[in-house]
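One structure is given below, encoded as C-alpha cells.
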Amino acid sequence: MIDHLHDRAGENDTTVVELYCDFPARHEQTTPNMLGAILKQLVNRGEIPEHVWRALKTAREGFGGRRLRLPNLLELLKTTIASLSRVFICIDALDEALPKLRLDLLRFLRDIAQGSPNTRLFLSGRDHIMSEIRKGVSSGIVVVPIIPTKGGIEAFLEMRLDSDTEPNAMDDDLRADIMRVTVEETSKT
C-alpha cells in the first residue's frame, strides 16, 4: 500500500511519509523522535520552510542546544502539513511500539488529522491494538482487515527460505517442518 501511495504521489501533488515501528528499537522510538521523523520527511521534499528553520534555530540557541519541545514540534507539523495539498502519514507495525508510545502517537496524530482535512492516516498492526486505534483516533476510521492466506504464507516462506545465505544449514525435513509449523501457527491467529 505504501509503495502504491508513493507511486501515485507525484501525480496527485501528494506527500507520503512513513514510519516503521521496530520492536528491537522500541526504546529509541519515542514520541518526539517519531514526530520528528515525520517532520523531517515532510520538509525534505525541497527547500526547508522558514518557520521550521526559525523553530530549530531558536531551540538550538536555548540552554544546551536542546531539541524542540513536543508542543513546538506538534505545531510545526500542523503548520507544515497545512501548507501541503494532501498528506498520507503511514505507520507500519504500530503493534511493535511500546503501549505508551502508541497512545501518545495516536493522540497527536488525531490532533494533526482533525486540524488538517487534507491529511489521511494509514496505520497497520495486528488485531489486538484495534481498540487502541479506535480510542486514540476516535472518528473517521475505516478498517481494512488484511488476512494472510495459506498460499500467501507459503509463498513468502518459500521466497525467504530460497534466499537463505547458508543453504547447507538446512535439510529437506527441517525445511518441511518450518513450512508446516509456521503455516499452522499463523492460522491460529
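Residue by residue, here is whether (1) assigned by TED's automatic domain parsing to the domain that holds MET179; (2) part of a strand (DSSP E or B); (3) within 25 Å of ASP13 (Cα to Cα) holds:
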residue: ARG110; (1), (2), (3): no, no, yes
residue: GLN114; (1), (2), (3): no, no, yes
residue: PRO117; (1), (2), (3): no, no, yes
residue: PHE122; (1), (2), (3): no, yes, yes
residue: GLY125; (1), (2), (3): no, no, no
residue: ILE129; (1), (2), (3): no, no, no
residue: ILE133; (1), (2), (3): no, no, no
residue: VAL142; (1), (2), (3): no, no, yes
residue: PRO145; (1), (2), (3): no, no, no
Return a yes/no flag: does segment 7-17 have any residue that is crowded, with 16+ Cβ neighbours inside 10 Å, in a loop (DSSP other than H, G, I, E, B) and assigned by TED's automatic domain parsing to the domain that holds ILE81. no
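Please pick out the residue among ASP177, ASP104 that is among the charged types (D, E, K, R) and crowded, with 17+ Cβ neighbours inside 10 Å.
Values: ASP177 fails: crowded, with 17+ Cβ neighbours inside 10 Å.
Exactly one residue qualifies, and that residue is ASP104.
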Boolean, GLU185 is under 19 Å from GLU96 (Cβ atoms), of a type outside the set (Lys, Arg) and in a helix (DSSP H, G or I): yes
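Looking for whichever is buried (at least 17 other Cβ atoms within 10 Å of the Cβ) and either among the hydrophobic types (A, V, I, L, M, F, W, C) or modelled with pLDDT of 80 or more (or both) here; the options are ILE81, ILE2, ILE48. Which one fits?
None of the others qualify; the one that does is ILE81.
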Identify the residue in segment 125-170 that is in contact (Cβ under 8 Å) with a residue 24 or more places away in the chain and small (Gly, Ala, Ser) and, among all such residues, is surrounded by the fewest Cβ atoms within 10 Å (Cβ to Cβ). GLY140
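The values are calculated or read from the model by the stated rules, or taken from the named source; none is laboratory data. Note that the coordinates shown come from a computational prediction; the quantities given were computed from them, not determined experimentally. Glycine also receives a Cβ, built like all others from the backbone with ideal geometry; neighbour counts cover every protein chain displayed.
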